[in-house]
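Only one structure is covered here, and it is reproduced in the block below.
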Amino acid sequence: MRTVNNQEIINPESVEDVENILRQHWPDGWIPAKEFFERFDINQIDRNHIKSHLGNVDVFKIADVADLIWDNSNYGKADAAN
């Protein structure tokens with residue numbers, strides 16, 4: 001296990017891996033938007049980007065968040081190029 005600043009480095013290989021990681025924190029399949037933004041210290045610009053894709057709602061579906069993270073990651077962009 002590799003760490004940086006006492007945080008474990010993860011290497012998801014698919015959108016399903018991202019979804020499984022999120023389910024470790026929110027096993028019921030829903031993520032309260034405010035808690036998500038605060039837990040990961042997401043800035044206002046990124047919050048607006050997320051809301052523009054997922055809606056200005058109180059809770060997000062884990063599958064939708066996982067898709068958005070994957071599609072906006074280097075992994076997702078490489079996956080789409082293939």
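Restricting attention to region 9-35, which residues are closer than 18 Å to Asn74 by Cα and either touching a Ser or Thr at 6+ places or on another chain (Cβ under 6 Å) or polar (S, T, N, Q) (or both)?
Asn11, Ser14
Would you tally the residues in region 23-35 being within 13 Å of the chain's Cα centre (by Cα) and modelled with pLDDT of 95 or more?
8
Considering only helices (runs of 4 or more DSSP H) fully contained in region 4-56, which possess at least 1 residues that are of a type in the set (Ser, Thr, Tyr)?
In region 4-56, 44-54 are the helices (runs of 4 or more DSSP H) which contain 1 or more residues that are of a type in the set (Ser, Thr, Tyr).
List the pairs whose first member sits in region 30-57 and is among the aliphatic types (A, V, I, L, M), whose second member is open to solvent by less than 60 Å² (accessible area, probe 1.4 Å) and not in a helix (DSSP H, G or I), and whose Cβ atoms are under 7 Å apart, counting only residues at least 6 apart or on separate chains?
Ile31/Phe60; Ala33/Phe60; Leu54/Phe60
The values are calculated or read from the model by the stated rules, or taken from the named source; none is laboratory data. Keep in mind that what you see is a predicted model, and the values were worked out from it rather than measured. Positions of Cβ are generated from backbone atoms using ideal geometry, with glycine treated the same way; all protein chains shown enter the neighbour counts. To get the accessible areas, we keep the full protein, side chains included, count just its heavy atoms, and leave off ligands, DNA and RNA. Shrake-Rupley method; radii C 1.70, N 1.55, O 1.52, S 1.80 Å.
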